[in-house]
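Beneath this line is the structure, given in structure tokens, with notes to follow.
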Amino acid sequence: ENSTMLDIIISQIASKALSSNSWFVATQKLLRRYKLPPLLEIMAGNIPKEAWKSMVKKAISTHWKNSIEEEANTKSTLKHMNTTFTPGQPHLVWKSTNPSHRDVRRAHIKAKLMTGTYILQSNRAAFNQTTDKTCPMCNGGDESIAHFIMSCPASETLRHPFIQQLHQAIPLVYQDHPRTGWSEEMSTQLVLDPTHEVINEILPLSNAQLYQIEKISRRLCFKLHSLRATQLG
């Protein structure tokens with residue numbers, strides 16, 4: 001509403017190059033980044049304060065949601081993680097975690113496995129830290145994420161009751177379907193992230209079921225981690 005200030009703004013926008021350190025140029029760049037109206041249009045539009053705040057909040061959330069999801073989709077280590085998210089909402093692995101020290105430790109290990117940052121022999125080989133992918137617990141196969149979670153014979157006794165609990169937690173219509181046996185890869189995905197689209201496409205789960213599966217799988221992952229740590233000294 002100040003005519004002098006408006007003249008200064010118009011002058012700055014008209015005369016300053018995009019490489020300028022002008023505050024007005026920086027503001028224009030931000031508006032373009034978040035696909036908001038140009039500065040002069042905003043000033044002339046008489047947008048109510050609350051409507052403007054809502055518009056900015058939505059634009060920023062949409063921009064970073066799309067940017068993060070797009071980048072996440074290029075990371076092979078995140079293939080087992082559901083990278084679609086709602087801004088401001090934590091992933092289920094944290095959303096379902098109690099604030100106790102024990103449960104936070106379990107969630108930490110689960111999150112590392114889900115995001116591909118838990119170091120197994122296959123990871124070491126991928127980063128040229130070793131040429132041997134053999135599982136150090138059973139010496140019977142490559143230590144991949146699926147082997148570690150689902151098929152290593154050295155941890156079968158520990159794993160079995162948790163897998164039974166997981167299968168009991170899913171809808172019976174899926175358990176009994178003749179064309180949908182639980183492959184090692186599908187079971188691994190269920191343990192790592194039951195919210196992933198691979199699971200959701202064939203087995204829509206309620207929030208209660210997702211929380212139940214997450215808690216069971218979090219305990220399983222931590223037990224497997226503890227057993228491995230103990231055996232490897």
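Quick one: pull the percent of accessible area on the range 27-148 belonging to carbon and sulfur, 1.4 Å probe, ligands and nucleic acids left out.
Roughly 53 percent, rounded to a whole number.
Take every Cα pair under 8 Å in the range 82-233 that's 6+ residues apart, average their separations, divide by the length, and report that relative contact order as a whole percent.
29
Out of every Cα pair in the chain, what percent are spaced more than 32 Å from each other?
42
Per q in 0.20, 0.23, 0.27 Å⁻¹, report the Debye log10 I(q)/I(0) for the range 53-93, using one uniform scatterer on each alpha carbon and no solvent.
At q = 0.20, 0.23, 0.27 Å⁻¹ the computed log10 ratios are -0.66, -0.79, -0.96.
If Rh is defined by the Kirkwood formula over all Cα pairs and Rg also comes from Cα, what ratio Rg/Rh do you get for the range 32-105?
Checking Rg against Rh, the ratio lands at 1.17.
Could you give the accessible area per residue of the range 95-179, probe 1.4 Å, as a whole number in Å²?
Dividing the accessible area of the range 95-179 by its residue count gives 58 Å².
Report ³J(HN,Hα) in whole Hz for each residue of the range 34-48, in order, from the Karplus equation J = 6.51 cos²θ - 1.76 cosθ + 1.60 where θ = phi - 60°; Gly and Pro get x.
So the Karplus estimates, Gly and Pro as x, are 9, 6, 9, x, x, 4, 5, 5, 5, 5, 8, x, 6, 6, x Hz.
Between Ile42 and Thr86, take the C-beta separation as r, use R0 = 22 Å, and let me know the FRET efficiency to the nearest 0.05.
Once the sixth-power term is evaluated, E becomes 0.20.
Provide the net charge surrounding Thr84, with neighbours chosen by a C-beta distance below 12 Å and charges set as Lys +1, Arg +1, Asp -1, Glu -1.
Its environment carries a net charge of -3.
Scan around Asp142 for amide H atoms under 5 Å from its own, H built in the peptide plane at 1.01 Å from N, and keep only partners 5 or more places away or cross-chain.
When sequence neighbours closer than 5 places are left aside, the close amide H contacts are Cys135.
Okay, helix-only estimate at 222 nm for the chain: each DSSP H run of n ≥ 4 adds -39500 (n - 2.57), divide by all residues, round to 500 deg cm²/dmol; what do you get?
-18000 deg cm²/dmol
So between Ala229 and Gln129, what do we pick up on full extension, going 0.36 nm a residue minus the alpha carbon distance?
Additional length available on full extension: 34.1 nm.
With unit charges on the beta carbon (Lys/Arg positive, Asp/Glu negative), name the residue among Phe127, His147, Ala111 whose Cα is farthest towards the positive pole of the charge dipole of the range 102-177.
The residue sitting farthest along the positive end of the dipole is Ala111.
Using label points projected 7 Å from each Cα along Cα→Cβ, tell me how many nm separate Ala26 and His167, to one decimal.
In this crude label model, Ala26 to His167 measures out at 6.1 nm.
The values are calculated or read from the model by the stated rules, or taken from the named source; none is laboratory data. In this text, all values refer to a predicted model and were calculated from it rather than measured experimentally. Reconstructed Cβ throughout: ideal geometry from the backbone, glycine too, with neighbour counts over all protein chains shown. The accessibility values were calculated without ligands, DNA or RNA, using every heavy atom of the protein model including side chains. Shrake-Rupley method; radii C 1.70, N 1.55, O 1.52, S 1.80 Å.
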